[in-house]
There are 2 protein chains.
Amino acid sequence: MSLWTQARRSARMNPSIIREILKVTERPGVLSMAGGLPSPDSFPVEAMREACARVLATTAREALQYSASEGYGPLRDWVAERLNASGMAVQASQVLVTTGSQQGLDLVGKVLIDAGAPVAVETPTYLGALQAFNPYEPQYVGLASDGDGPLPEAIAALRHDAPGTRYAYVLPNFQNPTGRVMPHSRRADVVAAAQRAGVPLVEDNPYGDLWFDEPPPAPLAARWPEGTIYLGSFSKVLAPGFRLGYVVAPEALCPKLLQAKQAADLHSPGFNQRVVYEVIRDGFLDRHIPTIRERYRAQRDAMAQALARHLPDGCQWRAPQGGMFFWVQLPAGCDAMALLPLAVEAGIAFVPGAAFYAHAPDPRTLRLSFVTLSPLDIADGVAVLGRVLREHLDALAEATP
Amino acid sequence: MSLWTQARRSARMNPSIIREILKVTERPGVLSMAGGLPSPDSFPVEAMREACARVLATTAREALQYSASEGYGPLRDWVAERLNASGMAVQASQVLVTTGSQQGLDLVGKVLIDAGAPVAVETPTYLGALQAFNPYEPQYVGLASDGDGPLPEAIAALRHDAPGTRYAYVLPNFQNPTGRVMPHSRRADVVAAAQRAGVPLVEDNPYGDLWFDEPPPAPLAARWPEGTIYLGSFSKVLAPGFRLGYVVAPEALCPKLLQAKQAADLHSPGFNQRVVYEVIRDGFLDRHIPTIRERYRAQRDAMAQALARHLPDGCQWRAPQGGMFFWVQLPAGCDAMALLPLAVEAGIAFVPGAAFYAHAPDPRTLRLSFVTLSPLDIADGVAVLGRVLREHLDALAEATP
């Protein structure tokens with residue numbers, strides 16, 4: 001199509017591999033541990049139904065009309081109060097309601113990234129964030145990371161190795177894909193390093209409420225409010241199909257983010273914002289979220305047991321303390337991408353970890369979600385994974401003279 | 001805030017004047033003809049209520065879950081069928097559901113505009129499109145236009161005057177802000193000129209269903225499907241608060257648009273898509289839209305009468321054949337921006353036309369919306385406008401020796 005050859009050709013805009021992978025893994029009959037979907041059993045359908053009816057009975061004209069780009073006032077107030085209870089100090093005027101927190105990532109990229117500018121990300125990091133930032137064509141700098149998150153010295157090094165880094169994008173709580181949580185002391189060190197390096201932080205927290213054993217430490221934004229953009233979401237604690245999240249930014253950035261939001265979709269659906277507010281205004285989440293934690297904890301336990309029982313020697317993982325994912329490193333010589341078609345053939349699916357790296361993927365890694373399958377299906381699925389992996393290792397051993 | 005000085009500083013990202021104007025015009029007690037809001041009396045609240053209840057009763061788990069970035073299948077099918085009835089030849093696979101058609105504009109800009117690339121727009125054009133394209137930093141080329149739309153020779157000239165123009169953005173039906181409709185013969189000439197110049201078209205059609213006298217001619221996309229991206233919306237025929245629109249693109253562009261959509265917000269709310277589909281699936285719009293046309297036609301007539309009666313000599317306008325707006329040119333020497341504070345003081349509001357130009361605004365123009373006020377309020381409001389304008393003209397005459 002010569003007519004469209006002037007369309008932007010950035011390599012970063014090529015069709016994503018992950019999309020193709022997920023298509024394969026969503027075949028009927030496949031037990032999928034690939035998706036990042038919350039369990040539909042956790043959706044508060046009855047509360048949603050009541051709230052929809054109430055909004056349409058009382059404020060239909062406002063809910064169905066165009067509304068403010070910033071978001072619905074009472075919902076912004078609620079978000080500010082909730083975050084302040086977690087240790088932050090936020091004004092409602094700093095809260096921008098977005099069409100899922102994915103849109104928050106897009107707006108952050110739109111406002112802060114010029115083509116070629118350095119952006120630092122964890123190793124590995126959330127694939128959807130890379131997809132959101134890619135159209136603005138950053139130069140990614142991978143931050144060396146361990147089981148506690150990015151290394152403070154890697155952030156400190158940005159000052160010299162990547163001057164002008166726009167921000168470091170971090171997921172301190174039950175990170176997607178690794179499930180890791182940043183401990184208290186690491187948070188202090190990461191913030192101190194970022195402050196010294198003059199590198200702002202973008203803190204993404206979709207999973208923070210989904211802790212199993214104890215709540216995670218206070219957000220990075222509580223330590224450094226003027227240097228941190230914070231993103232939250234209702235997708236994991238209510239339902240993703242309403243597409244609501246929020247960005248909390250330092251006052252200095254709010255006008256630019258608001259303008260980018262208005263340009264992007266004018267505003268997030270006012271109806272949805274009012275319905276969600278109706279659902280949560282009376283403390284519903286404090287009753288509802290513990291039921292999600294119970295459910296996910298049991299599934300986490302089932303997967304931890306099954307992995308210990310079925311995976312061969314040489315595999316490594318840590319049971320996550322919250323969130324939705326296990327991150328597994330396969331034995332030396334394995335390639336999760338090569339394993340995937342064999343696994344799908346045998347009836348189970350996962351996401352190869354390579355998709356989550358900005359640079360130099362570790363081909364031995366894979367991500368397993370435990371929240372959409374029952375504990376029994378998890379046990380069955382992991383048993384299949386173990387069997388396929390053993391066969392794969394045997395085949396590799398035979399092929400190697 | 002030195003920390004954020006690396007934020008993009010493009011002049012095009014500065015806080016928008018229009019936002020400030022609308023704030024002023026929304027004062028309590030002011031009769032506003034400034035907004036671009038559809039009449040809330042036209043919102044089908046009862047049908048929405050039934051559809052919400054039905055979706056939550058039958059498919060809550062799917063409606064509240066993450067869903068496909070392309071949009072809800074039956075809704076995409078419906079859009080394709082509907083457009084094909086208007087003369088287009090569209091496959092459902094070409095339909096991308098968006099978070100309002102504003103998001104369609106953002107995605108088009110994201111996929112097609114590199115910084116500095118020429119983008120052609122009508123004179124004047126839809127302000128929200130300029131806002132959507134601005135973050136991608138195009139060089140706007142203003143297309144000389146008359147009461148029938150952009151001049152074909154202006155499009156033909158792009159070939160030499162602005163080589164590499166990414167697209168020409170046009171609103172053939174009851175354009176915002178002028179209300180003009182592109183007649184049959186102009187459509188043929190515009191498409192022929194664009195084809196010869198090798199310049200793709202982006203056709204925005206939020207108002208096409210709101211005709212008062214006769215339906216507008218077939219879309220430009222029907223004449224040149226492989227060279228035209230078409231945008232539609234449910235905001236003006238159902239309700240804007242659900243934020244649903246769609247983009248129809250040539251097959252060659254669909255993967256890039258889809259990828260940009262996924263990066264922007266993963267998908268538009270699946271709940272909303274299912275509710276809207278439930279509302280419209282049985283032909284509801286064919287019964288509902290005529291009631292909107294009746295309402296708006298009466299308001300259009302009231303404003304046409306009032307303008308003829310109250311505006312002083314030297315003002316020019318044409319009664320629109322559809323849509324939501326009158327476009328008025330004031331007598332020589334007037335500046336609508338200077339008139340606005342006087343009008344607001346007297347209790348009425350409009351939008352100065354200058355906001356709608358990419359270059360060289362005509363300061364004598366202003367936009368009046370007729371759809372949110374009753375015919376009586378329209379008569380009163382225009383009478384006030386006429387009085388304020390006469391006083392302003394008198395003052396101008398006195399000030400000029």
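Some notes on this structure:
- For segment B:283-372, the Rg and Dmax computed from alpha carbons only, in angstrom: 15.0, 51
- Per-q log10 I(q)/I(0), segment B:46-281, q = 0.18 Å⁻¹ (Debye; single scatterer per alpha-carbon; no solvent): -1.38
- FRET efficiency estimate (nearest 0.05) - Cβ-Cβ, B:R309 to B:A346, R0 25 angstrom: 0.90
- Per-residue shielding of B:268-275, expressed as the average number of other chain Cβ atoms within 10 Å of the residue Cβ, stands at 5.
- In chain A, the calculated helix contribution to ellipticity at 222 nm averages -13000 deg cm²/dmol per residue, counting -39,500 (n - 2.57) for every DSSP H run with n ≥ 4.
- Note: relative contact order over chain A, using C-alpha pairs below 8 Å and six or more positions apart, is 23 percent.
- Partnerless cysteines, meaning none of the other Cys C-beta atoms lie under 4.7 Å away, in chain B: B:C254, B:C315, B:C334
- Along each principal axis, Cα extent of segment B:108-214, largest first, Å: 42, 27, 19
- Using a Förster distance of 51 Å, the FRET efficiency for B:D335-B:R82 (Cβ separation, nearest 0.05): 0.75
- Each DSSP beta bridge with both residues in chain A is either parallel or antiparallel, and the antiparallel ones are about 55%.
- Here the simple spin-label model places points 7 Å from the Cα toward Cβ, and for A:T400 and A:R281 these points are separated by 6.3 nm.
- Rg followed by Dmax, in Å, when the protein assembly as shown is reduced to its Cα trace: 27.5, 102
- For segment A:45-281, a crude dipole built from +1 on the beta carbon of Lys and Arg and -1 on the beta carbon of Asp and Glu, taken about the Cα centre, is about 420 debye to the nearest 20.
- Residue exposure sequence - B:E81, A:E278 - by fewest surrounding Cβ within 10 Å: B:E81, A:E278
- DSSP assigns beta bridges within the protein assembly as shown; of those with both partners inside it, close to 55 percent run antiparallel.
- Average partner coverage of A:57-69, which counts Cβ from other chains inside 10 Å: 5
- All-pairs Cα distance distribution in segment B:182-236, expressed in whole percent, bin size 5 Å: 4, 19, 28, 24, 15, 8, 3
- Of A:R61, A:R76, A:R180, the residue with the greatest mean-square motion in the GNM of chain A, using alpha carbon springs below 10 Å, is A:R61.
- Links that overshoot a 21 Å alpha carbon limit, given the list B:K110/B:K236; A:K236/B:K110; B:K236/B:K256; A:K110/A:K261; A:K256/B:K256; A:K110/B:K256: B:K110/B:K236; A:K236/B:K110; B:K236/B:K256; A:K256/B:K256
- Farthest toward the positive end of the dipole of chain A, out of A:T123, A:L201, A:L330, is the Cα of A:L201, where the dipole comes from beta carbon charges about the Cα centre.
- Rounded to the nearest 20 debye, dipole of the protein assembly as shown from Cβ charges on Lys, Arg, Asp, Glu: 100 debye
- For chain B, the spread of Cα positions along each principal axis, largest first, Å: 69, 56, 53
- Rounded if a/c under 1.5, otherwise prolate or oblate - segment B:173-328, Cα gyration tensor axes: oblate
- Over all projection directions, the Cα-based convex hull of segment B:28-72 averages an area of 5.8 nm².
- Whole-number D in µm² s⁻¹ for segment B:359-401, Kirkwood Cα-pair radius fed into Stokes-Einstein, 37 °C, 0.692 mPa s: 262 µm²/s
Each reported figure results from applying straightforward, stated rules to the coordinates on display, with no laboratory input. Computed from a predicted structure; not experimentally measured. Note that we place each Cβ from the backbone using ideal geometry, even for glycine, and neighbour counts take in every protein chain shown.
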